[in-house]
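What follows is calculated from the coordinates using simple rules that are stated; it is not laboratory data. These numbers were taken from a predicted model, which means no experiment stands behind them. Heads up, the Cβs are rebuilt from the backbone with ideal geometry, glycines too, and the neighbour counts pull from every protein chain shown.
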Amino acid sequence: MSIRAARARIIAGAVVLAALPALIGTPAAAAHDSGIRLDLLGERELPNAMPFQGTTVGGLSAISYDAKSGTYYVISDDRSQTGPARFYTARVDLTGGTLKGVELTGTHPWLRPDGTAFPPTSTATSTVAPDPEGIAVDPRDGSLAWTSEGERIVPSDGPALLGDPWIRRATTTGAWTGQLPLPPQLHMNAQEFGPRKNQTLEGVTFTPDGRRIVTAMEDPLYQDGDDPTPEHGALTRLTVHDNRTGQPLAQYAYPLEPLFATTPAGSTDTNGVSDLVALGHDRFLVLERASIYADNNWKARIYLVDLRGATDVLGRDSLTAPSAPPVRPVRKTLVTDLSDVLGLSRVDNVEGITLGPRLPDGRRTVVLVSDDNFAARQVTQFIAFAIRG
């Protein structure tokens, strides 16, 4: 999510159940040990506003690793403002079990079905540029899936400019190959029903067998309740699609943590899901992050999430209305709070997570990337860990 448009998200403590009366049981946010440890392998930063192949590098919001080619794909959330909506390819050097360097190797614009790049958003021409946020490599054929948060501009004295979020398929050079249907609750609406602006499809991943595509909404739908605050958490949604047909198969409530600190008056800071990566058919690493943006104070935490036993809420308009049936959310346990990682120089707007290659000792790597929001006070940061447990 671009904080230029709507601030950031963050985490802390357990979900306040009093704010979520329709839940069954207690969402296990850091309630017990996940059994997973992350060993820091290092961090690297790219120069601020780095020029690369005719683009300005920034806004890196998600990352995905192709095990067959060894290529990392990194999406920028530039809405065709500094350059065309695009993604980058990269090499990440983990030789010797340490993060030695990161090198960008190419860039491609996302293309519309007619083969052209996306123009910027314009209310004058009712043009909506994508807000690219999630990217994932299909393990079956190496093709890409990517998400856009869409657009919701609802002026008080004129027509609304609406653009649905989407999950699109593309080649490794950005050419359009298809689009997945959305559950009806995820379409944009000029009324306060459906997604909030800049709080929609933030993360996407394939299950390891390539049979499912799983997406994460960053924050609650209007009808699912308020955004997280320092006093309470909230529920957002994870959606499972069949990769062959594209159809939604199931949807689950995901319990977001409360905001980690009190916000300045008038702030729109909140907490949300920024990305996820599948460990198996039902298990995921989910990245939550947010900030007190005025203070450039960022938080990011990684949770182990299990869908088994959660209520399938596909088709439900509301998760928290008094008349809504009770909901059992997914189970989640804290893996790490990046603020507690010894040796990490800083925590910025960490938005992307992927599984990288295995090290010679058999441990799987995890690679994160941060979105600098094209701001001089922030950084484009890559962080690598090895998984134990």
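The table below lists the values:
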{"quantity": "Theoretical ellipticity at 222 nm over the chain - DSSP helices of four or more residues, -39500 (n - 2.57) apiece, nearest 500", "calculated": "0 deg cm²/dmol"}
{"quantity": "Gained length - Gln81 relative to Asp33, 0.36 nm times residue gap less alpha-carbon distance", "calculated": "12.9 nm"}
{"quantity": "Simple label model, 7 Å out from Cα along Cβ direction - Thr245 to Asp209, nm", "calculated": "1.7 nm"}
{"quantity": "Links that overshoot a 28 Å alpha carbon limit, given the list Lys68/Lys100; Lys100/Lys197; Lys100/Lys299; Lys299/Lys332", "calculated": "Lys100/Lys197"}
{"quantity": "Spatial separation of Cα centroids for segment 317-383 and segment 210-283, in angstrom", "calculated": "12 Å"}
{"quantity": "Rough spin-label spacing in nm, given labels placed 7 Å along Cα→Cβ, for Ala67 and Asp317", "calculated": "4.3 nm"}
{"quantity": "Electrostatic dipole magnitude of the chain [Cβ: Lys, Arg +1; Asp, Glu -1; Cα centre; debye, to 20]", "calculated": "840 debye"}
{"quantity": "Extension reserve of the Ala376-Arg388 stretch, reckoned as 0.36 nm per residue once the Cα distance is removed", "calculated": "0.8 nm"}
{"quantity": "Relative contact order %, the chain, counting alpha carbon pairs below 8 Å whose residues are six or more apart", "calculated": "22 percent"}
{"quantity": "Simple label model, 7 Å out from Cα along Cβ direction - Thr56 to Ala261, nm", "calculated": "2.8 nm"}
{"quantity": "Whole-number percent relative contact order across segment 200-289, with pairs defined as alpha carbons under 8 Å at least 6 apart", "calculated": "29 percent"}
{"quantity": "Amide H partners (placed H, <5 Å) of Thr270, local residues excluded", "calculated": "Ala8, Arg9, Ile10, Ser291"}
